[in-house]
Every structure is written in structure tokens, then in C-alpha cells.
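Single-structure report; data block below.
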Amino acid sequence: MQVGKASIKFEEPPVIESMASIAGKKEGEGPLGKLFDVVEQDDMFGADTWEKAESALQKQTADLAIEKGDIRKKDIRYLFAGDLLGQLIATSFGTVDLEIPLFGLFGACSTMGEALNLGAMTVAGGYADKVLAMASSHFATAEKQFRFPLGYGSQRPFSSSWTVTGCGAVILTKHRKEGIAAITGITTGRMVDMGIKDSMNMGAAMAPAAFHTILQNFDDFQVDENYYDKIITGDLGKIGRTILLDFMKNKGHNLETLHTDCGIEIFDPDSQDTHAGGSGCGCAASTLCSYILPKIKEGTWKRVLFVPTGALLSTVSFNEGETIPGIAHGVVIEHIGN
């Protein structure tokens, strides 16, 4: 099942049997608004703190994925989930009532890719019949932790992105001939550090990692861009996308019409003031479950390389003047059937 340096090709591909997406009010006003399962008008989600709100967001999304799949919680062996907050408090507090054994993950905004990588390996390896993979972010919790208090009113540069309030969850099950889509392969990313220090330009920090993972996927599977109907990164935004396309072109790969980015798809640049686009763990996760997977299920796209991207900084590392390493995890998702 191992191929190349960093990839796995599943002989019996795990299947996505259920999915759910919940987004905030701003996300609901964007191009994907009608595609989310739920658009919550109250960004507090009925809680009294932003952090509790994100925990509630995770719990509601997990419950919805379980309900839509008509699955019993006790049949889900493991939960792979994460968020952007210190010590993963949105996940740990939000999923406690699920009573599912948890692997808490931090891959910054690439966390959904990490969850799918690990979840697919676990199911394909026979260590679980069903697993739940999930990631979330919340605009207010992320801004509060990484930048300024919301009431500060700081001016955002045009290179900055807008953290998505959203969550996406999928339930993976062992190989079968029906389902939403199949995960036929993965390419696990490595750390890539190009010396970027600007926390207001996440696209520049993450684009080199996306470039490396896509090239690694091509090399490991002995394919090129023509193998895929779409290559979709997580939250590079407009600036990161430009960098990625330039890097790929220099290596002889033209992704201009093939590539899109979740951070570009989720917001309308003309009517929503998000500057470079969307970001956050919930950006890739909610876009996957509302927009990407339905298109694969219906056969519009037969094979997609999904590449969530993450900038691995913390408030400590940034304040100490460290650079911002990037990481990106590749997931090959295919249509089931003819």
C-alpha cells in the first residue's frame, strides 16, 4: 500500500458514508451559503464565551453527521479532530459528550487533511470499522488568540485572510461499493519553512508546503495534473494561489484552470470584505462537506486532490520572532461508481 516517499494507495479504499457542515452567518452570506447543512445566525451558538461557542459548533456538526448517516455513536471507534486554539480546547470540551475515543490533532488549517489521512489509514488497516474526522474554527476565537481583541478595531492589510466560522465532519467506513466518495490515496506533507514571518500573510507561508505536497503526490503516484479533475487547496487565498501557480509553472505544471482554493470559494470578494479570502481549520473542512464532496458524489468531478494547508505558528513563536513553517496534507478522493 505504500507508494513513493510519502504516500499510500489503498487497495480497499475507505468510504465516506456521511458528512455534515455548519457555518456562521457571514459564511452563510457567501457563495456556498445554500450548500451548508446549517447556517447559524448566532455566532455565539447559544454560549457565553467564544470558545464555548466553537465547542458547541463541533458538537452540533458531529451530531449532525451521525444523524444524517443513521449511525450509532457506539459504532464509531475513533474520533480524529482538532481546532486552532491552545491545547485544542474547542475539541476537548466540545466532543466530551460524544464519548468516542479521541485523537486530538493540530495541523493548523491543514487539520482536516491530517484527520482524513489518519482516519483513512486506521480504517484501511483494519483498526476500526468507522471513524469520525472533523475540524473547526471560529472567527472570534482565532482573532482573539492570534491577533487583537475584536473591539480593538485594528486595520487589516489586504494580504490577510478572514478566519471562517465553520466546521466539517465526515464519517469514514470500511471499503464498500456505495457511499458519498472513496479515499483512494493520501500524501502526507512535511514541514516547509521559507522564512516567512508575516502573520498577516498566511498564503505566502503555506503556498510552498502546498507546492511540495502536490509535487510529492505526482512523483509518488507517477501522475501529473491531468490525472485529476480538480486540485483544491485549503486556504491559500488569492496571494497564496498566485505563488503556488507560479511555483508549479516553473516545474512544468500548469494548474491555472485546474486549481481552486477553499478560501477563495467560501467568500465573495466583491460583496464580503475578506481581503485575501478565507482561512482557519473550518474553511477546508466546511467547504469539503458542503461543496467538494457533493460534486464528487454526483460525478461532476471523478477524482480530486484535496490539499488542506496550514501555517504552524503560535502566539509564543510569533512574539519571539520565529518564522512560520507551513504544512499541507494531500487526500485523493474519488467518485464511487461509473
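Derivation of every value follows stated rules applied to the coordinates shown; laboratory data play no part. Since we're looking at a predicted model, the values are computed, not measured. Positions of Cβ are generated from backbone atoms using ideal geometry, with glycine treated the same way; all protein chains shown enter the neighbour counts.
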Inset, instruction - Enter the Cα centre distance for the pair region 300-325 and region 227-249, rounded to the nearest angstrom. - result: 14 Å
Inset, instruction - Any chance you could run the full-extension gain for N254 through D129? It's 0.36 nm times the residue separation minus the Cα-Cα distance, nm to one decimal. - result: 41.1 nm
Inset, instruction - Work out from phi, with θ = phi - 60° and the Karplus expression 6.51 cos²θ - 1.76 cosθ + 1.60, the ³J(HN,Hα) of each residue of region 15-27, listed in order in whole Hz, and give x for Gly and Pro. - result: 10, 7, 9, 8, 8, 8, 9, 10, 9, x, 4, 4, 5
Legend entry - Amide H partners (placed H, <5 Å) of L236, local residues excluded: C262, G263
Inset, instruction - Name the residue, out of N226, N201, N254, whose mean-square fluctuation peaks in a Gaussian network model built on the chain with Cα pairs under 10 Å. - result: N226
Inset, instruction - Count the net charge of all other residues whose Cβ sits under 9 Å from the Cβ of T184, scoring Lys and Arg as +1 and Asp and Glu as -1. - result: +1
Inset, instruction - Would you compute, for the Cα atoms of region 15-173, the largest minus smallest coordinate along each principal axis and list the three values in descending order, in whole Å? - result: 50, 29, 29
Legend entry - Backbone HN-Hα couplings from phi across region 306-314 [Karplus 6.51/-1.76/1.60, Hz, Gly and Pro as x]: 9, 10, x, 10, x, 9, 8, 10, 9
Inset, instruction - Could you work out the Kirkwood radius for region 1-90, taking every pair of different alpha carbons, averaging 1/r and inverting it, reported in Å? - result: 15.6 Å
Inset, instruction - Please report the Cα spread of region 264-325 along all three principal axes, rounded to whole Å, starting with the longest. - result: 48, 29, 13
Legend entry - For the chain, share of DSSP beta bridges that run antiparallel, in % to the nearest 5: 65 percent
Legend entry - Distance in nm between pseudo-label sites at D70 and K174 (7 Å out along the Cβ direction from Cα): 2.1 nm
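Taking the DSSP beta bridges in region 5-133 as the whole, what percent of them are antiparallel, to the nearest 5? Walk me through the numbers on the way to the answer.
On the way: 0 of 10 bridges.
The antiparallel proportion sits near 0 percent.
Across all directions of projection, what mean area in square nanometres is found for the Cα convex hull of region 181-334? It would help to have the intermediate numbers written out before the result.
Values: hull surface 36.0 nm².
Mean shadow area of the hull around the Cα atoms is 9.0 nm².
Compute the length gained on full extension between D273 and I89: take 0.36 nm times their separation in residues and subtract their Cα-Cα distance, giving the result in nm to one decimal.
Numbers: separation 184, 0.36 × 184 = 66.24 nm, distance 2.87 nm.
Stretched fully, the D273-I89 segment lengthens by 63.4 nm.
Can you give the FRET efficiency for V96 and T323, using 1/(1 + (r/R0)^6), R0 = 35 Å, r = Cβ-Cβ distance, to the nearest 0.05? Spell out each step's value before the answer.
Numbers: r = 35 Å, r/R0 = 1.01.
Calculated transfer efficiency: 0.50.
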Legend entry - Of [x] 30; [y] 38; [z] 18, the label for percent of Cα pairs over 33 Å apart derived from the coordinates: [z]
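Any idea what diffusion coefficient region 183-264 gets from Stokes-Einstein, in µm²/s, Kirkwood Rh on alpha carbon pairs, 37 °C, 0.692 mPa s?
Working: Rh = 13.1 Å.
Value of D from the Cα-based Kirkwood radius: 251 µm²/s.
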Legend entry - Separation of alpha-carbon centers, region 106-123 and region 1-34, rounded to whole Å: 10 Å
Legend entry - Gaussian network model of the chain, springs between alpha carbon atoms under 10 Å - residue of V170, V223, V123 with greatest fluctuation: V223
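Please work out how much length the chain gains when fully extended from D198 to E12, using 0.36 nm per residue of separation minus the C-alpha to C-alpha distance, in nm with one decimal.
Numbers: separation 186, 0.36 × 186 = 66.96 nm, distance 4.26 nm.
Working it through step by step, the gained length comes to 62.7 nm.
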Inset, instruction - In whole Hz, with x marking every Gly and Pro, tabulate ³J(HN,Hα) for region 187-203 from phi via Karplus 6.51 cos²θ - 1.76 cosθ + 1.60, θ = phi - 60°. - result: 10, 7, x, 10, 5, 10, 10, 9, x, 5, 10, 8, 6, 9, 9, 5, x
